[in-house]
Amino acid sequence: MDKGKETGAQRENGRNTAGDPFLTAVLQSLRANMREYTMVILLVGIWLVFTYLTNGMFIEPRNLSNLFLQSVSVAVLAVGMVLVIVAGHIDLSVGSLVGLMGAIAAYLQVNLNMGTVPVIIITLLAGILVGIWQGYWIAYRGVSAFIVTLAGMMVFRGMVIKVTGGATISPMNHSFKEIGQGYLPKLISTAPINDSSALLGLVVIGLYVFWQIRLRKSRVKYGFEVPDKKLFVLRLAATSLVIAFVFGIMTDYMGIPYAVLILMALTVLFNFMAEKTVFGRHIYAIGGNKEAARFSGINIRRTTMILFIIMGALTAVSGIIFTARLNAAGASAGNLFELDAIAAAIIGGASTMGGEGSVYGAIIGALVMASIDNGLSLMNADASLQYMAKGLILLFAVWVDIASRKRAT
Amino acid sequence: MDCNQSDYLLEMVGIKKEFAGVKALEDVNLRVKWGEVHALVGENGAGKSTLMKILSGMYPVGQYEGRILIRGTEQSFHSLKDSEKTGMAIIFQELTLVKQMTVSENIFLGNEIARRGIVDWNSTYEFTKKALGEVRLDLNPSTKVKNLGIGQQQLVEIAKAISKNAEILILDEPTAALTETESANLLQIVLELKNKGVTCIYISHKLNEVLQIADTITVLRDGRTIATEPAGNMSENKIISLMVGRELTQRFPRQEHVPGPVMLKVKDLTVYDPDIPDKVALKGISFEARKGEILGVAGLMGAGRTELATSIFGTYGRGISGEIFLDGRKLKPGTPREAIKSGLGYVSEDRKNNGLVLTMDIKNNVMLASYESATKLKVINQNEVIRHSNHFVSSLRIKTPSLEQRVQNLSGGNQQKVVLSKWLMTNPKVLIMDEPTRGIDVGAKYEIYNIMNDLVKQGVSIIMISSELPEILGMSDRIVVMHGGRIVAEMAASEATQEKIMSYATGGVKRG
Ligand SMILES: Nc1ncnc2c1ncn2[C@@H]1O[C@H](COP(=O)(O)OP(=O)(O)OP(=O)(O)O)[C@@H](O)[C@H]1O
Ligand SMILES: [Mg+2]
């Protein structure tokens, strides 16, 4: 039997409706990825509105650069939260944990005079330890994640208050502050722009294009069908443009902040983990249908455990970055971050039922949330308005998602 | 149309339906006469279920092209509720009962008997009993649905439809999960309803049933109406050739197998029910399955066949005693992962709940139990994933526009093929197939039998649980019959007859 031929014939079931084949291919690929694009369109829409309302102040590189920086703490959480939600769980404790991890870091550095590197290591270990604690109750004791992390939310907030004594701990060392406030230094100090950031942007684009071409080649080598060449080039160009835009903005201002760099690395890493590793696919399977996962011999407990350990480690990263940016740790640090992170994941397309969601989507979601905060504060709107706007956008975004999904079927 | 409209209770004219680039229905016409049983047949993915979802308003007006006329007037349904108002009730291929709720709550879900918003439980129970009586189901109305077998759930669905006083009853593969007796029972119920004036649209892959009860038969192929004929003009072979577009001379490709050494040995297995304490689910079961043979497991629903399979596999039971050896290695109870690693596969009878992750695509479902075989350093090689999935899509003829299609969007039969692929992918030494051809069309069944033969030739030991006796008789080398949680008989296929198996299965003959 000629397998290749057979599937080729089956593919033709998805026949195009007349017209320019290239255009239809583009439309079809747009339609297939509708959900991802809706959220990008939403983000762009929000940016346009704020740009108009702030007379262009919003879109200036300085502001966007700050926006990216501000979004990092929540975005780091969202990257893990989306996987927790995909697995059919929830984590309400991350806000308190960001506070706790920040407080631990500050306490170690300010009160115990520890250097930055040991502080980071110990804080990360603390995050992992908390992850083991919560993961144990959820995976091996069968208490629902909602309850375990709700309990954690209270317990850890209590600990934050204990560690900080209700006051702020500051200041941090210069090297520690750099994590949240520093920018990638220039290679040539007299260069007119931040050359290293520009260079990094080019390297990233180069790697991306190289990777995609290699992937395509290997598909062809296996004898699989690949998308039309023009479509492929178009997609490469579009994505490269987005990368160039993001790097360009930051290069134009002061360069890439270290924190944003960390976020980018985590995003790529977590997306890879979700899509390309056995662990990641098992998370989706467990969230999609736990019974089917069990009947397929997937180790549900261990996967859940590891997931919460990873989430714990991420709260440490987020806490470190947050403390570094503020140069202080306080009793209320990280308050309500859990809700922003959950909202980010959901806006980014994660299903509250589990089984669905993407890491890139969560990043878009985090940017949506940060953009609203940023835009409204540029307009000097007060906090009450920010809460209301964020709430309504969440509602609206999820509705758009549901509506567009309905139309797609 | 120049024919007399009042001839037809229901007409669907020129129906077209497209899913994101996939044409499911291209041009379907269906005309159903008053008071008849109208059968709808066709291969997996031909579009039968889609057509019925359009008819019932599940796919609202605007999502398809074409016209629907009921009693001569054009309809535009926006929801199921709309179609119910015209006296229509549909039982979907995938059951839609709420598992956590009781039988009576389910039957009156959305039609609660209530006064000023307060549910009248006494009448609800009374009517439930009556509705259950009509489908000859002897159940306590307050039993939770999750404690029922699939077959019983199917009957509850029918009771639910009956309780709505439906005039048009649509049944999408109602007997796929039923045993022969239950199927016969259900057909009888359909005929009784017909005598009461209910018009019925009946979808099934079991052609003998179709010929038995249908007045008219419509055949669909690739989203088009191929033929509509009075049942009297049809035969199984004619239907098959219309369905698949070619002749199919033989139903069971029986091959002589040479049994090898014992691959699976079960010794004195006793298992307690995990939900009901002290209830023995399986008692003193001992049997062997050999390399290179097909062992058929027959029995009625509730005989403990699925419990046996899942106990061996490690997903069922409490207080398990006895021993299980796979290829000489002792299996620890309750560890499906270990079982899979030692070479056991289990094709579940309940594909939606235990077999598939509906939100994932075909390729990820195929790989679900064997990612490791496409993995280097814990990283999945997508090319290998695609290669393996492509192989199954073509060898099992899974009808899909792409490997990225969510299995949710596949037709029932094609979903079943994906489950099969998942287990073939694990390269099992012993493969337990629980109702492997449920919901699969005749052509695809034949392909699955061929695959079973190939596997056996490669030295796999197959244990086939089936409620279809012809399948058991047609494919097995050896047959065991279960009744009441025990094995009550074992025989070579050459000695087996339908009557003999049935008498053991009903507990008529004690083991000699
Ligand atoms: N929601 C959906 N999205 C995309 N394609 C779909 C969807 N539902 C059905 N299809 C496709 O439409 C075709 C017809 O499916 P349908 O379920 O009507 O088949 P069927 O005749 O009922 O088959 P079976 O006998 O296997 O139940 C199939 O190719 C299926 O993959
Ligand atoms: Mg169907």
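Listed values, structure above:
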{"read-out": "Segments classed as helices (runs of 4 or more DSSP H), wholly inside the range A:262-329, with at least 1 members that are under 15 Å from the mean Cα position of the chain (by Cα)", "value": "A:300-326"}
{"read-out": "Subset tally (residues that are over 18 Å from B:Ile448 (Cβ atoms), at pLDDT 90 or above, surrounded by 17 or more Cβ atoms within 10 Å (Cβ to Cβ) and within 9 Å of chain A (Cβ to nearest Cβ)) for the range B:383-401", "value": "2"}
{"read-out": "Residue ID - least open to solvent (accessible area, probe 1.4 Å), chosen from residues in the range A:38-68 that are in contact with a Phe, Trp or Tyr (Cβ under 8 Å, 6 or more places away or on another chain) and under 15 Å from A:Asn380 (Cα atoms)", "value": "A:Phe58"}
{"read-out": "Given (1) farther than 25 Å from B:Ile340 by Cβ; (2) assigned to a strand (DSSP E or B); (3) open to solvent by less than 30 Å² (accessible area, probe 1.4 Å), index of the condition B:Ser467 fails", "value": "(2)"}
{"read-out": "Single match in A:Tyr183, A:Tyr208, A:Tyr253, A:Tyr222 (criterion: of a type in the set (Phe, Trp, Tyr) and in contact with a Phe, Trp or Tyr (Cβ under 8 Å, 6 or more places away or on another chain))", "value": "A:Tyr183"}
{"read-out": "Count of the range B:357-399 residues which are among the aliphatic types (A, V, I, L, M) and in contact with an Asp or Glu (Cβ under 7 Å, 6 or more places away or on another chain)", "value": "2"}
{"read-out": "Residue list for the range B:79-126, filter: at positive phi and modelled with pLDDT under 85", "value": "B:Gly110, B:Arg116, B:Gly117"}
{"read-out": "Cross-chain or 6+ apart pairs with Cβ under 9 Å, the range A:367-396 first and open to solvent by 40 Å² or more (accessible area, probe 1.4 Å), then basic (Lys, Arg)", "value": "A:Asp373/A:Lys390"}
{"read-out": "Subset of the range B:202-227 that is open to solvent by 70 Å² or more (accessible area, probe 1.4 Å) and part of a strand (DSSP E or B) - its residue that is farthest from ligand 1 (Cβ to nearest atom)", "value": "B:Arg224"}
{"read-out": "Residue selected from the range B:15-49 under the condition β-branched (Val, Ile, Thr) and in contact with a helix residue (DSSP H, G or I) (Cβ under 9 Å, 6 or more places away or on another chain), by the criterion nearest to ligand 2 (Cβ to nearest atom)", "value": "B:Val41"}
{"read-out": "Flag if B:Gln405 is within 22 Å of the chain's Cα centre (by Cα) and open to solvent by 10 Å² or more (accessible area, probe 1.4 Å)", "value": "yes"}
{"read-out": "Any pair with Cβ under 8 angstrom, 6 or more apart, that starts in the range B:166-189 at a residue that is closer than 17 Å to B:Met52 by Cα and of a type in the set (Gly, Ala, Ser) and ends at one that is more than 16 Å from ligand 2 (Cβ to nearest atom) and outside any helix (DSSP H, G or I)", "value": "B:Ala166/B:Gly87; B:Ala166/B:Met88; B:Ala166/B:Ala89; B:Ala166/B:Val198"}
{"read-out": "Residues of the range B:50-83 that turn out to be more than 14 Å from chain A (Cβ to nearest Cβ) and within 16 Å of ligand 2 (Cβ to nearest atom), as a count", "value": "4"}
{"read-out": "Enumeration of residues in the range B:373-382 that are more than 7 Å from chain A (Cβ to nearest Cβ), open to solvent by 30 Å² or more (accessible area, probe 1.4 Å) and under 21 Å from B:Pro336 (Cβ atoms)", "value": "B:Ser373"}
{"read-out": "Residue that is least open to solvent (accessible area, probe 1.4 Å) [pool: residues in the range B:24-70 that are more than 8 Å from ligand 1 (Cβ to nearest atom) and among the charged types (D, E, K, R)]", "value": "B:Glu36"}
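Rundown of residues vs (1) within 14 Å of another protein chain (Cβ to nearest Cβ); (2) surrounded by fewer than 22 Cβ atoms within 10 Å (Cβ to Cβ), yes/no style:
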position	(1), (2)
A:Ile256	no, no
A:Phe272	yes, yes
A:Glu275	yes, yes
A:Lys290	yes, yes
A:Ala293	yes, no
A:Ile306	yes, yes
A:Ile320	no, no
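The values are calculated or read from the model by the stated rules, or taken from the named source; none is laboratory data. For clarity, every value in this text was computed on a predicted model and none was experimentally measured. Neighbour counts are summed over all protein chains in view; Cβ atoms, including those assigned to glycine, are modelled from backbone coordinates with ideal geometry. With ligands, DNA and RNA removed, areas are computed over all heavy atoms of the protein, side chains included. Shrake-Rupley method; radii C 1.70, N 1.55, O 1.52, S 1.80 Å.
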